[in-house]
Amino acid sequence: MGKVSNKKYLKYLPLLIIPFLPLILAKYSYLVMLLCFVEIYVIATTGLDVLYGYSGQITFATAGFFGIGAYGSVLIHKYTGIPVILTILIAAILSCLIALIFAYPVSKLRFAFLSLSTISFNYVIYQLITRSPGGITGDFNGIFTDRITLFGISFKEFQSFFYFGLVCTIILVVLKIFLINSRVGRAFLAIKQNQHAAEGMGIDYRKYKVYAFGVYGFYVGFAGALYAHLVGFISPETFAETQSVLFLIMAMVGGLGSNWGPVIGGTIVLLLNDALGYFQQFQLLVYGILLILFIVFMPGGIIGEGRKLIAKIKSKKEVDANVES
Amino acid sequence: MRMLKVDHMTIRFGNLIAVNDVSLEVRENMITALIGPNGAGKTTLFNGVSGVYNPNDGDIIFCEESIKGRRPSYIHNIGISRTYQIINLFTEMPVIDNVIVGMHGDLKSNFFDSLFHTKRHRAEERECYEKAHELLKFVGLDDKAYEAAGSLPYGAQRRLEIVRALASNPKLLLLDEPAAGMNSKEKEELDAILREIVKRWQLSILIVEHDMDLVMGISDYIYVLSFGKKIAEGIPEEIQNDPNVIEAYLGGDD
């Protein structure tokens, strides 16, 4: 909350190119589709960052909540006929509510027990998808989904989906930054850094841990719903617990607990993921190695290490300036 | 007037009785000290009052309300704020945010105010930062407001803990060895700060401290613990000449 100067916003100038990317890449519709995926994963990773990066609760249930959003939206649309654009929101709220209910008992747990309970949760969701009552999810066969329509226009083209996704991404990323720079965000950080002291300062830590899960559920569910209506067909393997690790890698590569870490991490890992698409059997191997490398050598992620580098250069400049004078 | 009454408090850990049937009182606008040799149960008593431990026996009355068995966050929010023996700051947060976290319970913004940065939230945040800067000026840390709390020197971290505890406008401030690890100059500053706090904030202080010069200088009333039991109480002059206290500190024949 330092002094705000116009200079501060200059560095965001290159971001202005983003809305024009689909026009530039118009010929390569595959790349535009990738950008749509980037948006979806940035939203999910942003939610994950609130939970893990800020409130310090690890989770391996991200793919599960992603699935709740995806199947939630598709099934609600299928059985009620509510427009897809609304079912996305409804599914996100549903995912948020499930996260809140799940979090209430789980907020007591830490470290290994929290990890285990989230893994189990993901299993439960996966089982429900693959062995659904009455086979409404299509079980292992998957299910076809409808496209998003707004005012009678279908976002079947990746270009139109991109702009819709971009609006959602911007709103959700900005709201997250708002939330973090507030009383609630400070409480999250306080709990992560020192739960004992946070409680001594009057913070009801369980309440805020549950809040963090709710935000996470909403973001990941929203992303899952967008995903379902982008790809047109969803099947269970996308929501298996191994996929949860992918989201964690995105968050860690970008940098936990930062405004832009999830955006950078989501983008880079998604593009990498696509490049590795040809070597699917090695995907998990590469993720594993990547995760270990980042945990050991770059715990701050790209954002954290970048900041360190800038600080180093700055202090070196100061030293040089002192030597010269 | 009586502010806090610890009534026959007992805290046991298995067979060890850390606090044994101790009663004490803290009066308004006074500095009350709790002293005793290492392992006397002073910090355990603090933890019993602030809700970290639930006493096995006895009662704690704060402003006519029994707070025994309440959660630390509840106890903080009704007006008992504390510092810790082992510094317990949010080390990676900026100094000023540490102070603002201390105000958490007083802020009215709810989740949705925070999410959408409503007018109420923005006004409240502005107020918070102003108040936090004032508090930091009071202990001479305002120029370090945006540095990480963990990067401060030891004495400064102690002072930061005190203003963080003050940020919630408590009625009672519990200070657990605030002078530990301070040099003599810092101790003098601390002495002045504590006196000023009582005057300006109109609150009571209960302090655990090993530095006898500091304790005898600022305390209005002193309780002495040894092996979990209260062995003496009185004004500083009485305590200095109490044979029980001298024996407890220097060791008796038995």
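Coordinate-derived values only; no laboratory data. Predicted model only: the values in this text are computed from it and were never measured. Don't worry about glycine lacking a Cβ; one is built from the backbone with ideal geometry, like all the others, and counts go over all protein chains shown.
Brief remarks on what is shown
- Backbone amide hydrogens, once placed in the peptide plane, bring B:Ile207 within less than 5 Å of B:Thr32, B:Ala33, B:Leu34, B:Leu175, excluding anything fewer than 5 places away on its chain.
- Across the options B:Ala192, B:Leu166, B:Pro178, the greatest Cα extent toward the positive end of the charge dipole of the stretch B:133-241 (unit charges at beta carbon of Lys, Arg, Asp, Glu) belongs to B:Leu166.
- For the peptide B:76-86, the mean number of other protein chain Cβ atoms found within 10 angstrom of a residue's Cβ is 2.
- Cβ-derived FRET efficiency at R0 51 Å, B:Glu247 paired with B:Ala148, nearest 0.05: 0.65
- Summed over qualifying helices (DSSP H, 4 residues or more, each -39500 (n - 2.57)) and divided by its residue number, chain A shows a 222 nm mean residue ellipticity of -23000 deg cm²/dmol.
- Taking 0.36 nm per residue of separation and subtracting the current Cα-Cα distance, fully stretching the chain between A:Leu15 and A:Phe233 would add 75.3 nm.
- Using equal-weight Cα scatterers in the Debye expression, the normalised intensity of the stretch A:1-107 in log10 at q = 0.11, 0.19, 0.21 Å⁻¹ is -0.57, -1.07, -1.11.
- For B:Lys119, the aspartates and glutamates whose Cα comes closer than 13 Å to its Cα, not counting residues fewer than 8 places off in the same chain, are B:Glu127.
- Cα Rg over Rh - the stretch B:57-155, Kirkwood: 1.03
- Residues B:Gln202 and B:Arg120, FRET efficiency given R0 of 30 Å [Cβ-Cβ distance, rounded to 0.05]: 0.60
- Selected from A:Tyr28, A:Thr62, A:Thr80, residue furthest toward positive end of dipole (chain A; charges at beta carbon): A:Thr62
- Spherically averaged projected area of the convex hull of Cα atoms, chain B: 14.8 nm².
- Mean Cα-pair separation over length for chain A, i.e. relative contact order, pairs under 8 Å, 6 or more apart, %: 31 percent
- Loop chymotrypsin sites (Phe, Trp or Tyr not before Pro), the stretch B:168-254, which have at most 15 other Cβ atoms in a 10 Å radius of their Cβ (DSSP): B:Phe227
- Against chain B, whose longest principal axis comes from its Cα atoms, helix B:154-166 is set at around 80 degrees.
- Between the listed residues A:Thr149, A:Val253, B:Tyr129, the Cα displaced farthest toward the positive end of the dipole of the protein assembly as shown, a dipole computed from Cβ unit charges relative to the Cα centre, is found at A:Thr149.
- Straight-line cross-link partners of A:Lys316 among the lysines, defined as a Cα under 18 Å from its Cα and at least 8 positions apart when in the same chain: A:Lys308.
- Packing, taken as the mean count of other beta carbons within 10 Å per residue, orders the peptides B:13-19, A:216-222, B:81-87 from highest to lowest as A:216-222, B:81-87, B:13-19.
- Sorted fewest first by neighbouring Cβ atoms within 10 angstrom, B:Ser226, A:Ser315 come out as A:Ser315, B:Ser226.
- With respect to chain A, whose longest principal axis is taken over its alpha-carbon atoms, helix A:283-297 is tilted by about 20°.
- A simple spin-label model places the labels of B:Phe227 and A:Val174 6.9 nm from each other, with each point 7 Å out along Cα-to-Cβ.
- Additional length obtainable on full extension of the chain from B:Ile235 to B:Met30, 0.36 nm per residue less Cα span: 72.6 nm
- Principal-axis tilt of helix A:29-48 within chain A, Cα atoms, nearest 10 degrees: 70 degrees
- Cα-based Kirkwood hydrodynamic radius, the protein assembly as shown, one decimal, Å: 26.7 Å
- Here the stretch A:28-241 is treated with +1 on each Lys and Arg Cβ and -1 on each Asp and Glu Cβ, and its dipole about the Cα centre works out to around 560 debye.
- For the stretch A:28-241, the convex hull spanned by the alpha carbon atoms encloses 115 Å³ per residue.
- Given their separation in residues at 0.36 nm each and the Cα-Cα distance between them, A:Ala275 and A:Asn181 gain 30.3 nm when the chain is fully extended.
- Legend: residue pairs A:Lys207/B:Lys68; B:Lys42/B:Lys185; B:Lys131/B:Lys187; A:Lys209/B:Lys5; B:Lys108/B:Lys137; A:Lys312/B:Lys185, Cα-Cα distance threshold 29 Å; pairs beyond threshold, A:Lys209/B:Lys5; A:Lys312/B:Lys185.
- Note on A:Leu109 and A:Lys156: their simple-model spin labels are 4.5 nm apart, each label 7 Å out from Cα toward Cβ.
- Overall, the protein assembly as shown carries a charge dipole of about 2280 debye about its Cα centre when +1 sits on the Cβ of Lys and Arg and -1 on the Cβ of Asp and Glu, all other atoms neutral.
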